[in-house]
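What follows is one structure encoded as structure tokens, with my remarks underneath.
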Amino acid sequence: MADEIASSYQTFQDIVLVGIQTRGVVLAKRVQSILGKETPALGTLDINLYRDDFSSMKKIPVVQKTEIPGDVEGKGVILFDEVLYTGRTIRAAMDALMDLGRPRFIKLAILVDRGGRELPIQPDFLGIKHEIGPKQEIQVRFQEIDGEEEVRVK
């Protein structure tokens, strides 16, 4: 994925990598470290207050930090998340980004696309596609958070 991103841009001067809390942040940091000397800025985005199911949630989610370096106005944003399913998380993330300014573009980088979209959202950069049934789920575990590396279908 990092190679594909690197080959898509001559410079990262006006591009910000933004990871959706929590595992999207880990993925964005890893890609940033691979990109090397012309590393783009890195930001984090919490989308909990933008979720369309917020009012019906049984547990109130823990709101985490949103930290975007500088301004997204007129910049390119590459948005990272570990799993793409319905597209609702990405819709919420785009709403949150638009509240911070009007980016020149938003591209989507996903580690695992599991299929089952409910909204017309597709990744621009993709690790793997692994379609599974609606009663199954994909769990991604990262060393930085979970103490192990794993992609599991449950």
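The values are calculated or read from the model by the stated rules, or taken from the named source; none is laboratory data. Keep in mind that this is a model prediction, so the values were computed, not measured. Backbone-built Cβ (ideal geometry, glycine too); neighbour counts: all protein chains shown. Heads up: the accessible areas ignore ligands, DNA and RNA and are worked out on the full protein's heavy atoms, side chains in. Shrake-Rupley method; radii C 1.70, N 1.55, O 1.52, S 1.80 Å.
Could you work out the longest stretch of the chain that avoids the GluC sites (Glu not before Pro) located in DSSP loops with at most 12 other Cβ atoms within 10 Å?
The answer is 1-72.
Which of these, F12, F125, F80, has the largest mean-square fluctuation under a Gaussian network model of the chain (Cα springs below 10 Å)?
F12
How much of the DSSP bridge set in the chain is antiparallel, in percent, rounded to the nearest 5?
20
Which value, in debye to the nearest 20, gives the size of the charge dipole of the chain about its Cα centre, when Lys and Arg are +1 and Asp and Glu are -1 at the Cβ?
Dipole magnitude for the chain comes out near 320 debye.
Grab the other residues whose beta carbon is less than 13 angstrom from that of P103, score K and R as +1, D and E as -1, and report the net.
Residues near P103 contribute -1 overall.
When the chain is modelled as a GNM with alpha-carbon springs shorter than 10 Å, which of G76, G24, G116 fluctuates the most?
The residue with the greatest mean-square fluctuation here is G116.
Under a 10 Å cutoff between Cα atoms, tell me which one of V16, V112, V140 has the largest fluctuation in the Gaussian network model of the chain.
Top of the fluctuation ranking is V140.
Taking a 24 Å limit on the Cα-Cα distance, which of the listed pairs K75/K129; K107/K129; K65/K129; K65/K135 fall beyond it?
K75/K129; K65/K129; K65/K135
For a test of the definition: using alpha carbon positions, the gyration tensor, and the 1.5 limit on a/c, classify segment 60-108 as rounded, prolate or oblate.
It comes out oblate by the Cα gyration axes.
Could you pull out every residue, at least 5 positions away or on a different chain, whose amide H is within less than 5 Å of the one on Q21? Hs are placed 1.01 Å off N in the peptide plane, and Pro or chain starts have none.
Here L45, D46, I47 satisfy the definition.
Given a 1.4 angstrom probe, I'd like the percentage of the accessible area of the chain that is carbon and sulfur, rounded to a whole number.
48
For the chain, what does the accessible surface come to per residue with a 1.4 Å probe? Please give it in Å².
On a per-residue basis, 56 Å².
Rounded to the nearest 500, what is the chain's calculated 222 nm mean residue ellipticity when only DSSP H runs of at least 4 contribute -39500 (n - 2.57) each, over all residues?
Value at 222 nm, helices only, nearest 500: -7000 deg cm²/dmol.
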